[in-house]
Amino acid sequence: MSENSEHSGESMLGTRRIGRPHLMLYLSISIYTTIIVGLWQFDQTLLMMVSALSLGWVAAYYIYRGLVGSTPVTDKKTGISISESIAEQNKSYALVARKIDDENVAIVDEVNRISNMVSEATTELAQSFNTMNEQAGQQKELMNAILNGQDNIDERSESISMSDFIDDTSSMMNYFIETIVNTSKESVRLVYKLDDLCDKVVSIETLLKDLKFISDQTNLLALNASIEAARAGEHGRGFAVVADEVRNLSMSSGNFSNQIHNVVAEAVVGIKEAREVIDSIASRDMRFVIDAKAKNTNLSEQICEIQNEAEKNMHAVSDIAGNIDQSVGEAIRLLQFGDIATQLAMHVAERSNNISQVSNELSTAIESSESIMAEGDDAELIEVINSIRQVCESSIEHIDNIKCSPVSQDKMEAGDIDLF
Amino acid sequence: MSINVVRKDKEVNISISGRFDFSMNNEFRKILSAPSEVGEQFSIDMGAVEDLDSSALGMLLLLREKAGGDTANIKIQKCREDIIEMLKMANFQTMFDIS
């Protein structure tokens, strides 16, 4: 603008034909003539001095005209007059204005493309973040379902947790051991009873020996009785029959006790066999039970450990899912930068349009001045220059009046975002 | 494989060695069939016992019944670690004074 005013000052000096200095010159000559005529009446010496001074003033004026020149000022190097160079410059201005206009169209186009791309990208990002958020939520729900266990299973059947299973196994193992030990105890007791029974049976054998002794003695007595009956002859015949019968009875008794002896011997053998069977029932190796129980205990501990670890990890996963949820929410909130960027882009386009408008006004003013320039009238030229200056001033005012940027953010930190 | 019993007033000290199983049945029965006294105290030294089976545990339970069941006072002493394990597995630590 300051450059522009310099140019208009230069054109004032270089192009005028009749101006205020001419009028001033004619006015001062008239005053001097009046004074000289006045003085002529009084003093000739004074007249001479005033005449000399007047001539000096006239000489000074022409010297001044010779220095400054009433002809148009020219560039000493190229010889082009200032008015011509101003015309050239105006052409350059018009060219620049057109370029600015073209550039502005390109800027607006590109800014709109940026705005569209940011808008689309923001929408898609928001969609994919929302999907991510939903999936994280589903993951969290699943984890919670696993953690809170067995709610669904409970509805269908009785819940069997791993620890319950281990407890059941352990108590079954204890019951098994207890049963083995009690069976052994009762078996030992049974063996003692069998031993007692065996003793009783063996005592029957002793009794049988007594019985055999009695039957042998009876047999002997019957034999003696039959001998005595034979000695008695005819009188002892009846007694001999009795003695024979007694002898037969004793022999039957002997046979009978022999049979009993055999049966008792068999019974003793049977009892001993039964004792052996019970012995094998009572004698169970306890080592394998120890090993089994130790393995069971070890397995239980491991399973508990694994279960606890798994539960801990699932809690951690659930927490992570929660964090993802939070992060995605934060990310979606931050996506509002898309709106801000779009608004900024629109503002850039608006500013660019303003620049274009100002440029158009200027170029119109310059073009309209070109015909006046050709005529070369100083006064009209000054008017044109002034009108251009006015256009410049109104342009500055117009640009200053453009609303300040609607978006003050220049950072995307959380909490810095205002909604528009 | 032997069993040794020493009686002194109401104290009965039993020491067992070798494998404690059904083969000690007859020896053990003598202890069981001995007349019971009120306040009898049994002390079984199992320091030399190398192994035992379920019949041994059954015999010990019969001894406990003879000594008064829940009121019985029976000490099982000097057991090896694995023997203690076996006795504990059968829950004997609640019925006997095991050391």
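Below 16 Å, Cα to Cα, which lysines can A:Lys209 reach? Residues fewer than 8 away in the same chain don't count.
Those lysines meeting the cut-off are A:Lys200.
From the backbone phi of region A:306-315, what are the Karplus-calculated ³J(HN,Hα) couplings (6.51 cos²θ - 1.76 cosθ + 1.60, θ = phi - 60°) in whole Hz, Gly and Pro given as x?
Along region A:306-315, the couplings run 4, 4, 4, 4, 4, 5, 4, 5, 5, 4 Hz.
How much net charge surrounds A:Leu194 when only other residues with a Cβ under 13 Å from its Cβ are counted (Lys, Arg +1; Asp, Glu -1)? Present the calculation step by step, with values, prior to reporting the outcome.
On the way: positive: A:Arg189, A:Lys193, A:Lys200, A:Lys272, A:Arg275, B:Arg29; negative: A:Glu186, A:Asp195, A:Asp196, A:Asp199, A:Glu273, A:Glu276, A:Asp279.
Here the charged neighbours net out to -1.
Just to be sure I understand: with springs between alpha-carbon atoms less than 10 Å apart, which residue in B:Val12, B:Val38, B:Val49 has the highest mean-square fluctuation in the Gaussian network model of chain B?
Judging by the Gaussian network model, the answer is B:Val38.
For chain B, set up a Gaussian network in which alpha carbons nearer than 10 Å are linked by springs, and say which option among B:Asp21, B:Asp45, B:Asp82 fluctuates the most.
Its mean-square fluctuation being the largest, the pick is B:Asp82.
Please list the non-local residues whose amide H lies under 5 Å from the amide H of B:Glu50, H modeled 1.01 Å from N, same-chain partners needing a gap of 5 or more.
B:Gly18, B:Arg19, B:Phe20
Taking 4 °C and 1.567 mPa s as the conditions, I'd like the Stokes-Einstein D for region A:192-292 in µm²/s, using the Kirkwood hydrodynamic radius from alpha carbon pairs. Walk me through the intermediate numbers first.
Values: Rh = 17.1 Å.
Rounded to a whole number, D works out at 76 µm²/s.
Build a GNM of chain B with springs between Cα atoms under 10 Å: which of B:Ser15, B:Ser33, B:Ser55 gets the top mean-square fluctuation?
Ranking B:Ser15, B:Ser33, B:Ser55 by mean-square fluctuation puts B:Ser33 first.
Sequence neighbours fewer than 8 away in the same chain don't count; with that in mind, list the lysines whose C-alpha is under 18 Å from A:Lys99.
A:Lys91
To the nearest 10 Å², what's A:His22's accessible area with a 1.4 Å probe?
Number for this one is 40 Å².
Out of residues 5 or more away from A:Met286 or on other chains, whose amide H comes under 5 Å of its own, with H placed 1.01 Å from N in the peptide plane?
Here the answer is B:Ser54, since their amide H atoms fall under 5 Å of that of A:Met286.
Cα to Cα, under 29 Å, and not fewer than 8 places away if on the same chain: which lysines meet these conditions relative to B:Lys78?
A:Lys185, A:Lys293, A:Lys295, B:Lys8, B:Lys10, B:Lys30, B:Lys66, B:Lys88
Within 13 Å, Cβ to Cβ, of A:Ser318, how many net charges do the neighbouring residues add up to if Lys/Arg are +1 and Asp/Glu are -1?
Numbers: positive: A:Lys140, A:Lys312; negative: A:Glu141, A:Glu311, A:Asp319, A:Asp325.
Net charge in that neighbourhood comes out at -2.
Once you have the alpha carbon radius of gyration of region B:2-98, what is it after dividing by 2.2 N^0.38 Å, with N set to its residue count? Provide the component values of the computation, followed by the final result.
Values: Rg = 12.2 Å, N = 97, 2.2 N^0.38 = 12.5 Å.
In units of the 2.2 N^0.38 Å rule of thumb, it is 0.98.
Based on the Kirkwood radius over alpha-carbon pairs, what is the Stokes-Einstein translational diffusion coefficient of region A:275-404 at 4 °C with 1.567 mPa s viscosity, in µm²/s? Walk me through the numbers before you get to the answer.
Details: Rh = 24.4 Å.
Answer from the Stokes-Einstein relation: 53 µm²/s.
So what's region A:108-253 giving for Cα Rg divided by 2.2 N^0.38 Å, two decimals?
Dividing the Cα radius of gyration by 2.2 N^0.38 Å gives 3.59.
Given the whole protein assembly as supplied and a 1.4 Å probe, what does the accessible area of A:Thr45 come to in Å², nearest 10?
90
If amide H atoms are built 1.01 Å from N in the plane of the peptide, which residues on other chains or at least 5 residues away come under 5 Å of the amide H of B:Val12?
B:Gln41, B:Phe42, B:Ser43
Any idea what the alpha-carbon Rg over 2.2 N^0.38 Å comes to for region A:326-366?
On the way: Rg = 18.3 Å, N = 41, 2.2 N^0.38 = 9.0 Å.
Against the empirical 2.2 N^0.38 Å value, I get 2.02 for region A:326-366.
Just how much of A:Asp216 is accessible, in Å², when a 1.4 Å probe is used and the result is rounded to the nearest 10?
The accessible area comes out at roughly 80 Å².
Averaged over its residues, how many other protein chain Cβ atoms are within 10 Å of peptide B:43-56's Cβ atoms? If you can, show how the numbers build up before the last one.
Working: counts 0, 0, 0, 0, 0, 0, 0, 0, 3, 3, 8, 16, 15, 6.
So the per-residue partner count for this stretch is 4.
Filter the trypsin sites (Lys or Arg not before Pro) in region A:218-321 down to the DSSP loop ones having no more than 14 other Cβ atoms within 10 Å, then list what survives.
Numbers: sites: A:Arg231, A:Arg237, A:Arg247, A:Lys272, A:Arg275, A:Arg284, A:Arg287, A:Lys293, A:Lys295, A:Lys312; in loops: A:Arg284.
Taking region A:218-321 and a limit of 14 other Cβ atoms within 10 Å, no loop trypsin sites (Lys or Arg not before Pro) are found.
Give, as a single signed number, the net charge of other residues whose beta carbon lies under 12 Å from the beta carbon of A:Ile271, with Lys and Arg counted +1 and Asp and Glu -1.
Values: positive: A:Lys193, A:Lys200, A:Lys272, A:Arg275; negative: A:Asp195, A:Asp196, A:Asp199, A:Glu266, A:Glu273, A:Glu276.
Taking every Cβ under 12 Å from that of A:Ile271, the sum is -2.
The values are calculated or read from the model by the stated rules, or taken from the named source; none is laboratory data. Keep in mind the model is a prediction, meaning the values are calculated, not measured. Quick reminder, even Gly has a Cβ in these numbers, built from the backbone with ideal geometry, and neighbours come from all protein chains shown. Only protein heavy atoms, including side chains, enter the accessible area calculation; ligands, DNA and RNA are left aside. Shrake-Rupley method; radii C 1.70, N 1.55, O 1.52, S 1.80 Å.
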